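One structure is given below, encoded as structure tokens.
The values are calculated or read from the model by the stated rules, or taken from the named source; none is laboratory data. What you see is a predicted model, and the numbers here were worked out from it, not measured in a lab. Methodologically, a virtual Cβ is constructed for each residue, glycine included, from the backbone with ideal geometry; neighbour enumeration extends over all protein chains shown. These accessible areas exclude ligands, DNA and RNA; they are computed on the full protein's heavy atoms, side chains included. Shrake-Rupley method; radii C 1.70, N 1.55, O 1.52, S 1.80 Å.
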Amino acid sequence: QVVNYAPFTLLPSAVPRALFEQAYADFNLLVDAISQNKEFLEQTLASTIKVDDFTARLFRIHTQVLEEGLAQSVFLGINRSDYMFDCGVGGTPALKQIEINTIAASFGGLTSRTAAVHGRVLKVLGKPEEASRLLTNNPSKGLAWGIAKAWELYGAPGAVVMFLVEEVQRNIFDQRCVENELWNRVGAAGGRVIRKRIRDVFEKGSLDDARRLYMEGQEVAVVYYREGYVPKNYDQQNWEARLLLERSRAVKCPDIATQLAGTKKVQQELSRPGTLERLLPGQAEAVARIRATFAGLYSLDMGEEGDKVAAAAIADPERFVLKPQREGGGNNLYGEELRQVLEKIRDSPERTSYILMDKIKPQPSMNYLLRAHSPLQVSECISELGIFGVYVRQGQELVMNRAAGHLLRTKATEHADGGVAAGVAVLDTPYLV
């Protein structure tokens, strides 16, 4: 095993202050509302689950658990809403949402350290005043607060928090930052943190008559997923383990309905007129703030509307991005590749497993990207801003709802898609202008 430093920019990147503040729109309320709306999820994902096996299997577990009756009464959401700064129309930058991540939203830990790195660099360059303007940012503390609150409300002081992690964990230090914050909170009250794979749950997990979850004899209060968001995380045994977890009383972060709320198809449906108003009745201000960040999103469902959208994208692929229902970066299609895929599936129901989105055109800036074993050179870069949100609901009462900090990731313009974990983007700090 090899340890490398996390990749980062040499200098912080300029971000317009007004857009940064606008990014703190409250997506927690929306995600929570979607997760509780069975009919909305059913209608929205109806076409997708016919052609996308992964989403279909998640949905089947969701349905089965609801039919049985939820054992879980405390709900924890940790999400990250990602944005870019679009200069496409008239050159004035506008904030546009790329996606919302509702499972395993990462880099809350490492980004909590990044501002200190950039502050040091600016001081070395003789810029102490600029260094003092960098915002303090500690998402790992906010994420740990949410997990600790859910653990406390679960109400079993000796129970553990279980991080579900992959076999080979390249991003372990990011998780450890959150875990260390958590030990400070639950450890003092008698709780513990354990790290397991989904496979361990299949082999050693069990439910008692009250559907309390046990791992090797220890009651589990909170399950925090840092895997389970891509098909390769599952074989038949892992699907069985996922069902066991969902049937349990333990607080899942996320529960399966919240994972489904983060699908691209849901994102596309939210952009339809009237949808936000239905999900957030009587909250006109929140609706306006959220809608202002939406980019153009288009359905590829079978029928006349989908046919027109597919034809427009094939005719002018540079205007669009083709997105499958996948998390984790590196999945989107652009340009000639987008055209080829759409031409192949334009008359097939397979196209309904994708959505189409307007391509965002940010203004590039120059920076140095520091990566292990890579030459140091100035690159033309674009950035993506993520805002972490944490909420805890007990029954119908929202006990906690807060923004937990931000994440700025920057990549060279030659890369169309991919985040830090995908080896393309690097960690950055916003310098507000």
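Need pairs with beta-carbon distance below 7 Å; first residue over 15 Å from LEU407 (Cα atoms) and within the stretch 9-31, second of a type in the set (Gly, Ala, Ser) and open to solvent by 20 Å² or more (accessible area, probe 1.4 Å); sequence gap 6+ or separate chains.
Once the first residue is over 15 Å from LEU407 (Cα atoms) and sits in the stretch 9-31, its partners that are of a type in the set (Gly, Ala, Ser) and open to solvent by 20 Å² or more (accessible area, probe 1.4 Å) give ASP26/ALA286; LEU29/ALA286.
Which members of the stretch 134-160 meet the condition of being within 30 Å of GLU216 (Cα to Cα), touching a Gly at 6+ places or on another chain (Cβ under 7 Å) and open to solvent by 50 Å² or more (accessible area, probe 1.4 Å)?
PRO157, GLY158
Among all residue pairs at least 6 apart or on different chains, which show Cβ distances below 6 Å where the first residue, located in the stretch 142-165, is free of Cβ contacts under 8 Å to residues at least 60 places away in the same chain and the second is open to solvent by less than 10 Å² (accessible area, probe 1.4 Å)?
ALA144/VAL178; ALA144/LEU182; ALA148/VAL186
If you check every pair at least six apart or on different chains, which have Cβ atoms under 7 Å apart with a residue in the stretch 217-230 that is of a type in the set (Ser, Thr, Tyr) first and a residue that is open to solvent by less than 40 Å² (accessible area, probe 1.4 Å) and in a loop (DSSP other than H, G, I, E, B) second?
So the pair list comes out as TYR225/ILE103; TYR225/ALA104; TYR225/PRO254; TYR229/ILE103; TYR229/ALA104; TYR229/GLU327.
Failed condition for LYS411, given (1) in the same structural domain as ASN101 (by the TED database); (2) part of a strand (DSSP E or B); (3) closer than 26 Å to LEU58 by Cα; (4) at pLDDT below 95, with all others met?
It fails just one condition, (3).
Assess whether ALA403 counts as being within 17 Å of the chain's Cα centre (by Cα) and at pLDDT below 90.
So ALA403 does not fit the description; no.
Being open to solvent by 40 Å² or more (accessible area, probe 1.4 Å) and over 30 Å from THR410 (Cα atoms) narrows it down to one residue among ASP26, ASP53; which is it?
Within the list ASP26, ASP53, the selection yields ASP53.
If SER383 passes every condition in (1) in a loop (DSSP other than H, G, I, E, B); (2) in the same structural domain as ASP428 (by the TED database); (3) in contact (Cβ under 8 Å) with a residue 60 or more places away in the chain but one, which one does it miss?
(1)
Take the stretch 262-272 and flag every residue that is assigned to a helix (DSSP H, G or I) and open to solvent by less than 20 Å² (accessible area, probe 1.4 Å).
LYS264, LYS265, VAL266, GLN267, GLN268, LEU270 - these are the residues of the stretch 262-272 that are assigned to a helix (DSSP H, G or I) and open to solvent by less than 20 Å² (accessible area, probe 1.4 Å).
Quick one: in the stretch 273-301, which of the residues that are exposed (fewer than 15 other Cβ atoms within 10 Å of the Cβ) and within 28 Å of TYR334 (Cβ to Cβ) is farthest from the chain's Cα centre (by Cα)?
Residue satisfying both the conditions and the ranking: PRO273.
Can you go through ALA33, ALA131, ALA115 and tell me which one is at negative phi, open to solvent by less than 30 Å² (accessible area, probe 1.4 Å), touching a His at 6+ places or on another chain (Cβ under 9 Å) and part of a helix (DSSP H, G or I)?
After ruling out the rest, the residue left standing is ALA131.
Go through the stretch 56-77 and report how many residues are open to solvent by 10 Å² or more (accessible area, probe 1.4 Å) and either not assigned by the TED database to the domain that holds ALA404 or not in a helix (DSSP H, G or I) (or both).
6
With the requirement that a residue be open to solvent by less than 20 Å² (accessible area, probe 1.4 Å) and not basic (Lys, Arg), what does the stretch 310-323 give you?
Once the filter is applied, which keeps residues that are open to solvent by less than 20 Å² (accessible area, probe 1.4 Å) and not basic (Lys, Arg), the stretch 310-323 yields ALA310, ALA313, ILE314, PRO317, PHE320, VAL321, LEU322.
Has the stretch 310-317 got at least one residue that is out of contact with any Ser or Thr (no Cβ under 6 Å at 6 or more places or on another chain) and part of a loop (DSSP other than H, G, I, E, B)?
Yes: one or more hits.
On the phi < 0 side of the Ramachandran plot, aromatic (Phe, Trp, Tyr) and modelled with pLDDT under 90, is that true of PHE294?
Numbers: on the phi < 0 side of the Ramachandran plot: yes; aromatic (Phe, Trp, Tyr): yes; modelled with pLDDT under 90: no.
Answer is no for this residue.
Let's see how each residue does on (1) surrounded by fewer than 19 Cβ atoms within 10 Å (Cβ to Cβ); (2) of a type outside the set (D, E, K, R); (3) modelled with pLDDT under 85:
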| position | (1), (2), (3) |
| --- | --- |
| LEU333 | no, yes, no |
| ARG346 | yes, no, no |
| SER353 | no, yes, yes |
| ASP358 | yes, no, no |
| MET366 | yes, yes, no |
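Go through the stretch 279-306 and count every residue that is in contact (Cβ under 8 Å) with a residue 24 or more places away in the chain and of a type in the set (D, E, K, R).
The total comes to 2.
Within the stretch 161-215, track down each residue that is open to solvent by 60 Å² or more (accessible area, probe 1.4 Å), over 24 Å from TYR5 (Cα atoms) and not in a helix (DSSP H, G or I).
ARG192, ARG197, ASP209, ARG212 - these are the residues of the stretch 161-215 that are open to solvent by 60 Å² or more (accessible area, probe 1.4 Å), over 24 Å from TYR5 (Cα atoms) and not in a helix (DSSP H, G or I).
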